[in-house]
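All remarks here apply to the structure that follows.
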Amino acid sequence: MLYIDPAWIDTYEGNFRHLYQQKQSVLSPYIQRGTMEGKKKRFTYIGKADMVERQGKNTDTKWQDLEFYNRWISRRVFDYALLIDEFDDIKSALTDPTSSAIQGALMAANRRKDRVIVEAFGATAYTGENAEVAVPFPSENILDVQLGSASTKENQPLNLAKLKELAARMDEGDVPETDRRILVCTQRQLNALLDDEHVSSADYNSVKALVSGTIDSFYGFKFVKYNGLPLENDVRTCWAFSSSSMQLAVSLDTRIKGPVEIPQKHFQPGFEVTMALDAVRLYDAGVYQVPCKEVK
């Protein structure tokens, strides 16, 4: 029978949590984060408010009714379970922070968290007192994939016309000026932006630095590269959003169980990392789908 020192388990958990804090998912640092208990939680936000002009002396106060909106998040649970071969160096697998056991669990958790956020961008959200009202993603928030094309209508990659349209729509939607505006795309879309003939000579150096990674912002947007965006028929689904328009709710950040010997697997040691979370689109006017031709 294999011997598993309890200290190895503590070391594994400590190493994993340390790396998990250091190496966050690609997208989670740019959206709001909260906690939740139970199977679902309601997040409330306030609608637009306006002042009323006083129409003379000694007039009655006109009281305002604030509009409150809400979106619901349900708990989703994700697991990463792994068996460690009995002939491997078990101590090294559990205590070495560079081991494949620790790195694999870390990457699996971060990849899943990013996928949850990407799914939430365009997913049906739910509102109402008991999450009974479905709110589909607004079709008007999907940019035309041909935006920026010449007289011949063809699908276009990321270009200056799409950035201008996004900026205008967010301004018109009263996205708070304090919000960061994020554009999630791939490296190939950044390359295409550099080749856009409408990028002026004054902009060229900025875009070139953006492509090389020297800077990460252009035209009011922070660009975040993420390769997990859907690609279908050579069209990449990119996303633009403001930081307060998306919400991540975490029920259980990470929980490590094991390792324990599994009788059905010849008593090989196995462990499992579990997390429970979900994301939701809070403010529709702050989230836009940006379909772009993927140029290779």
Going through N15, N70, N58 one at a time, which residue ends up being of a type outside the set (D, E) and assigned to a loop (DSSP other than H, G, I, E, B)? N58
All conditions in (1) more than 30 Å from I102 (Cβ to Cβ); (2) surrounded by 14 or more Cβ atoms within 10 Å (Cβ to Cβ); (3) under 23 Å from the mean Cα position of the chain (by Cα); (4) not polar (S, T, N, Q) are true of D234 except (2)
Within segment 188-228, of all residues that are within 20 Å of the chain's Cα centre (by Cα) and hydrophobic (A, V, I, L, M, F, W, C), the one nearest to N159 (Cα to Cα) is L190
Among the residues that make up segment 85-95, is at least one of them surrounded by fewer than 16 Cβ atoms within 10 Å (Cβ to Cβ) and in contact with a strand residue (DSSP E or B) (Cβ under 6 Å, 6 or more places away or on another chain)? yes
Scanning segment 1-31 for residues that are in contact with a Leu (Cβ under 7 Å, 6 or more places away or on another chain) and either more than 19 Å from K257 (Cβ to Cβ) or of a type outside the set (V, I, T) (or both), which turns out surrounded by the most Cβ atoms within 10 Å (Cβ to Cβ)? Y12
Which fully enclosed strands (runs of 3 or more DSSP E) of segment 223-296 have 1 or more residues being modelled with pLDDT under 85 and out of contact with any Cys (no Cβ under 7 Å at 6 or more places or on another chain)? 246-262, 268-281
Please verify whether V211 is without any contact (Cβ under 8 Å) to a residue 40 or more places away in the chain, aliphatic (A, V, I, L, M) and in contact with a Leu (Cβ under 7 Å, 6 or more places away or on another chain), treating the condition exactly as stated. yes
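For every residue, the table says whether it meets (1) within 13 Å of L190 (Cα to Cα); (2) among the aromatic types (F, W, Y); (3) out of contact with any strand residue (DSSP E or B) (no Cβ under 7 Å at 6 or more places or on another chain).
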| residue | (1), (2), (3) |
| --- | --- |
| V207 | yes, no, no |
| S212 | yes, no, yes |
| K222 | yes, no, no |
| L229 | no, no, no |
| N233 | no, no, yes |
| T237 | no, no, no |
Name the residues in segment 207-231 that are surrounded by 15 or more Cβ atoms within 10 Å (Cβ to Cβ), farther than 16 Å from D179 by Cα and of a type in the set (S, T, Y), would you? Y226
Restricting attention to segment 152-164, does a residue exist that is closer than 18 Å to R281 by Cβ and either surrounded by fewer than 16 Cβ atoms within 10 Å (Cβ to Cβ) or under 19 Å from the mean Cα position of the chain (by Cα) (or both)? no
Out of (1) touching a residue at least 24 places away in the same chain (Cβ under 8 Å); (2) assigned to a strand (DSSP E or B), what's the single condition that is false for L193? (2)
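The values are calculated or read from the model by the stated rules, or taken from the named source; none is laboratory data. This one's a predicted model, so the numbers in the text were calculated from it and none came from an experiment. Counting neighbours? That spans all protein chains shown, and the Cβs are built from the backbone with ideal geometry, glycine included.
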